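First the structure, in the form of structure tokens, and then the observations on it.
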Amino acid sequence: MDAQSDFNDAIGVAANQIGLATGVGVLVGTAAGLGIGCVAGAVVGAALMPPIFFAGAPGGCLAGAAAGAALGAAAGTGQVPPPATTSALASPVTRV
């Protein structure tokens with residue numbers, strides 16, 4: 001039995017699985033971000049987002065899809081940091 005070879009094989013398999021999961025996460029996150037961003041941009045449209053090419057709902061859809069795709073891809077890879085909590089922001093106070 002070669003323990004090092006078994007360990008290296010296990011690491012190789014884990015690396016492949018993590019790579020596949022990351023790829024699927026990016027694909028799903030980008031697709032979801034495109035759809036959600038397009039709908040949100042078309043609804044909110046001219047009020048909050050400047051149009052990219054067209055005014056109104058089509059321009060809002062394009063702007064929302066572009067922003068949503070980037071955010072969805074980041075979320076799919078797990079690159080979005082968790083929200084900060086108040087306990088994490090508070091500094092400890094020590095009294096003497």
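The values are calculated or read from the model by the stated rules, or taken from the named source; none is laboratory data. Quick caveat, the model's predicted, so the values are computed rather than measured. Please note: Cβ atoms are built from the backbone with ideal geometry, for glycine as well, and neighbour counts cover all protein chains shown. Calculation scope for accessible area: heavy atoms of the full protein, side chains included, ligands and nucleic acids excluded. Shrake-Rupley method; radii C 1.70, N 1.55, O 1.52, S 1.80 Å.
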VAL39 to THR77: FRET efficiency via 1/(1 + (r/R0)^6), r the Cβ-Cβ distance, R0 22 Å, to the nearest 0.05? 0.45
The percentage of the accessible area of the range 1-40 (probe 1.4 Å, all protein chains present) made up of carbon and sulfur atoms, to the nearest whole number, is 75 percent
How much FRET efficiency would the formula 1/(1 + (r/R0)^6) give for PHE54 and ALA31, where r is the Cβ-Cβ distance and R0 is 25 Å, rounded to 0.05? 0.65
Peptides 22-32, 60-70, 5-15: what's the order by average Cβ count within 10 Å, highest mean first? 60-70, 22-32, 5-15
